[in-house]
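The values are calculated or read from the model by the stated rules, or taken from the named source; none is laboratory data. As the structure is a prediction and not an experimental result, all values here were calculated from the model. For neighbour counting, all protein chains shown are included, and Cβ atoms are generated from backbone atoms with ideal geometry for every residue, glycine included.
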Amino acid sequence: MKTIIRAFLMCFLCLLILVNTGNSAVVTLSDGSTREADKVTYRNDTVIMQLGSETTELARNDIKNISFSARQQKKENMATDSSDLAAFMPKALELLNKYPDAQSILVSEEGNYQHRKDGTNLSRYRSISYIAKEEALWEAQVSLSFDPNRERIRVLHARCLLPDGTIHNLQPDQIKISKGTSGSVFFDQYQELSFTIPEVAVGSLVDYCYETEEYNPFDPNLFQGRNYFQWSAPVGESILRVSVPHEKELHYVAYNSPPELAKPEKIEAVDSVVYTWKMTDLPPVISEPFMPPYRDVVPCVYYSLHKDFTYVHNKLRPMFEKRFQLTDMVKKKVDELIEGAKDLNEKIARLYLFCQKEIRYISIKGNLASNQVGHPAEETLKNRYGDCTDKGMLLATMLKHIGVEAYPVGVRTNDAGKAVRDISVFDDNHCITEVHLDGRIFYLDSTATDYRYPYFRSDDHDTIADNTMLGTRNQVPLPPPEDNAVHVTRNITLSADGTTRIDFESTQNGSSEASFRESARNLKPEEYERQIRASVSALTADYVLEIATHTDPLDFNTQFKARSAYTLNRFATKSGRYMIFSVPYFELGFSEVSLQKRRYDIQYSTSRLRTDQVSIKLPDTFNVKFLPPALRVQSPYVEFEIIYDQQGDTISISRKLAFPRRIVPVADYQAFKNDLERIAHSSKQKIFLEENEAKPEPAKSASVTADVADNASATEPVTSEGDSK
């Protein structure tokens, strides 16, 4: 694989040298070091670099990267005039007085984005921040990503103003350009321009401005962007300016916005129309547990030259069709994988598992086609690697061979915010497979390696799938809680001295099962046992672990199960003739309702269900004195039921907790909080037993009120079905 990637990069470098022969450059060697050159030429597999009168020859295999914009950037003279910077200090101090806990203040930011008549684009961004605490000193470090094949970037100025009025300017030779560090499984053409503004200290203003020119756009008819006006730091002013030629129309939408964002200021310039959005004096976003992503709660504007997706779909559809080819190699592999399958669902499951487990996740991006469409199905199959788009394309193509209609579709995962579909912008961050079968549509995600068919990743749930090939957009459904469930059974034997033996078993499906599988396959058996021991020892140091095992996490033909058995010596509390017992690991807590009030909705990744079935065998010499009351809660956002029952010497507990929806609106927070607090309280209830050396008395019913004073306040009447209070 490394050989293939290296060969690809070297071919690209050779082409780049031929195109740019004679330009100054910065050459990155294979060992990571860099050299500057006034002129670079390529001849007979040799790169010839000239710097002044010195000539150096290197074999092309010794070259990692050549940037023809980097040296030009370093030689730029940056602005040093700072006369306007001091004027921002009073505003910074005013905001600091208003928000004294802020680590930093974004005093001013301004983004200018220009689409030119020839289809190229020019942008300029300036940021001025105030450093209020040491924790914000990292803001002196700036990193900017760019594609040297399409973009030129230059820093116009970067400086800081200290409290005593001293100015420190960044020097051109302090700017570094290197290959982007996107990760071990991501490969693209992007480079990273980075610098650290010198002498930044608490109480200083940090000011930098840079300009990016997209001189070689993917498509001259594509121009789009977004801007967010609020952050975790207070904002003094945030300005967005977008200009397009008179003959082109700009489409835009504003979300979470006040009236001033809905309709921007519009100015007719000589050769363009300039749209301006501005917001001032914005408070910081204070994070809350389980809140939506920032982009779903802060004021924002999206803009594009295209009102709908027609142009983009027409542009990309031929690329999809070219890659969506059922070749002999793909057919042969499908036939091999489905041999002996008993029905169509088993065939789909086998192809799904193959794309999950046998196609390694590696992303190689270089242009519009690879970014949005991926690589041909046969190429991905041959390489045995690909990213989400490649995997989605391969699975859809393989399904085509068994007569199943399927397509790779784009989504924005629900942990990254709602996808913008009101105007045409590239807003997807993931690709999955849309399957059309027997009049219904369902989805599979072959990037997740631990999901058993037909389940798929929870961050895909409740999103909108953009199908370029059909030109459609469909809602990816939120599955019912039963499709993301954990079922737990505990058989407990309680002895007269409080010793408790527990036989535990759990089964899962959906995202819960995938999580358990992933954890189990990453642990050796002895490591798994140590993990169980650590958990049990948190209950008591005096225990005996008998069993700690699970089914094979790599066996996708059966549901994953885990089992453990252990004894907790003298675990139940005894007080005179009474024994007080709590089921281990039975308490529930809900951090999402820890706040008295919320500004933002509660957002889960998906729906979910948990059931508990507990059987407690009582010692012969004890009778039940008190069983907690039943509780039922029913609302649109949570369903709960717990029932205690006694038959002879056995107590049975049945509990069910389901969250059928993914989002709880702020308007319903208080009722939801009350429900979860009642549920949490019920999970802390204890069972009271009374020693009786004579013949055991008849069983007490669950409605008997305890005569143990300390527990009187814990009793609660049974609520009726449908009561959410």
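Within the option set 428, 422, being of a type outside the set (S, T, N, Q), surrounded by fewer than 19 Cβ atoms within 10 Å (Cβ to Cβ), assigned to a loop (DSSP other than H, G, I, E, B) and under 23 Å from the mean Cα position of the chain (by Cα) holds for one residue only, 422.
Taking segment 633-662 as the range and being among the polar types (S, T, N, Q), surrounded by fewer than 19 Cβ atoms within 10 Å (Cβ to Cβ) and closer than 13 Å to residue 679 by Cα as the test, only 634 passes. When you check residue 341 against the structure, is it surrounded by 14 or more Cβ atoms within 10 Å (Cβ to Cβ), assigned by TED's automatic domain parsing to the domain that holds residue 443 and under 32 Å from the mean Cα position of the chain (by Cα), yes or no? When the stated conditions are applied, residue 341 does not pass them. Of the residues making up segment 597-621, those that are part of a loop (DSSP other than H, G, I, E, B) and either in the same structural domain as residue 294 (by TED's automatic domain parsing) or β-branched (Val, Ile, Thr) (or both) are 606, 621. Out of all the residues in segment 622-640, is one or more in contact with a Pro (Cβ under 9 Å, 6 or more places away or on another chain), modelled with pLDDT under 95, in a loop (DSSP other than H, G, I, E, B) and within 27 Å of residue 502 (Cα to Cα)? Looking for residues that are in contact with a Pro (Cβ under 9 Å, 6 or more places away or on another chain), modelled with pLDDT under 95, in a loop (DSSP other than H, G, I, E, B) and within 27 Å of residue 502 (Cα to Cα), one finds none in segment 622-640, hence no.
Whenever a residue of segment 641-661 is not assigned by TED's automatic domain parsing to the domain that holds residue 628, it has no partner that is of a type in the set (Val, Ile, Thr) and assigned to a strand (DSSP E or B) lying with C-beta atoms less than 8 angstrom away and at least six residues away or across chains. The helices (runs of 4 or more DSSP H) found entirely in segment 293-374 that carry 3 or more residues being more than 20 Å from residue 432 (Cβ to Cβ) are 310-323, 328-338.
Of the strands (runs of 3 or more DSSP E) lying entirely inside segment 193-266, those carrying at least 2 residues that are more than 28 Å from the chain's Cα centre (by Cα) and not hydroxyl-bearing (Ser, Thr, Tyr) are 205-214, 235-244.
Within segment 198-235, how many residues turn out to be surrounded by 21 or more Cβ atoms within 10 Å (Cβ to Cβ), over 24 Å from residue 250 (Cβ atoms) and in contact with a Lys or Arg (Cβ under 9 Å, 6 or more places away or on another chain)? Residues in segment 198-235 being surrounded by 21 or more Cβ atoms within 10 Å (Cβ to Cβ), over 24 Å from residue 250 (Cβ atoms) and in contact with a Lys or Arg (Cβ under 9 Å, 6 or more places away or on another chain): 5 in total. When the residues of segment 47-60 are filtered to those that are polar (S, T, N, Q) and at pLDDT 75 or above, the one that is farthest from residue 28 (Cα to Cα) is 55. State all residues of segment 132-169 that are of a type outside the set (Lys, Arg), touching a Ser or Thr at 6+ places or on another chain (Cβ under 8 Å), modelled with pLDDT of 95 or more and not in a strand (DSSP E or B); if no residue qualifies, say none. 132, 136, 139, 140, 162, listed by residue number.
Only one entry of 398, 393, 469 meets the criterion of being aliphatic (A, V, I, L, M), part of a loop (DSSP other than H, G, I, E, B) and touching a helix residue (DSSP H, G or I) at 6+ places or on another chain (Cβ under 9 Å), and that entry is 469. If you take the residues in segment 106-157 that are within 17 Å of residue 169 (Cα to Cα) and of a type in the set (Lys, Arg), which one is farthest from the chain's Cα centre (by Cα)? It comes out as 154. Residue 390 meets all of the listed conditions (1) at pLDDT 95 or above; (2) within 17 Å of residue 325 (Cβ to Cβ); (3) of a type in the set (D, E, K, R) but one, namely (1). On inspection, residue 287 qualifies as in the same structural domain as residue 224 (by TED's automatic domain parsing), exposed (fewer than 13 other Cβ atoms within 10 Å of the Cβ) and within 29 Å of the chain's Cα centre (by Cα). Within segment 193-227, the residues that satisfy the criterion of being of a type in the set (Gly, Ala, Ser) and closer than 22 Å to residue 104 by Cβ are 194, 201, 203, 204. In segment 243-264, the residues that are surrounded by fewer than 13 Cβ atoms within 10 Å (Cβ to Cβ) form Cβ pairs under 9 Å with partners that are of a type in the set (Lys, Arg) and modelled with pLDDT of 90 or more, at six or more places apart or across chains, as follows: 247/117; 249/307.
Just to be sure before I move on: is residue 491 closer than 27 Å to residue 655 by Cα, of a type outside the set (D, E, K, R), modelled with pLDDT of 95 or more and not in a loop (DSSP other than H, G, I, E, B) in the structure I sent? For residue 491, the condition - closer than 27 Å to residue 655 by Cα, of a type outside the set (D, E, K, R), modelled with pLDDT of 95 or more and not in a loop (DSSP other than H, G, I, E, B) - is met.
Considering 565, 541, the condition of being modelled with pLDDT of 95 or more, surrounded by 13 or more Cβ atoms within 10 Å (Cβ to Cβ) and more than 27 Å from residue 352 (Cβ to Cβ) is satisfied by 565 alone. Only a single criterion out of (1) more than 30 Å from the chain's Cα centre (by Cα); (2) surrounded by 18 or more Cβ atoms within 10 Å (Cβ to Cβ); (3) closer than 30 Å to residue 97 by Cβ is not satisfied by residue 175, namely (3).
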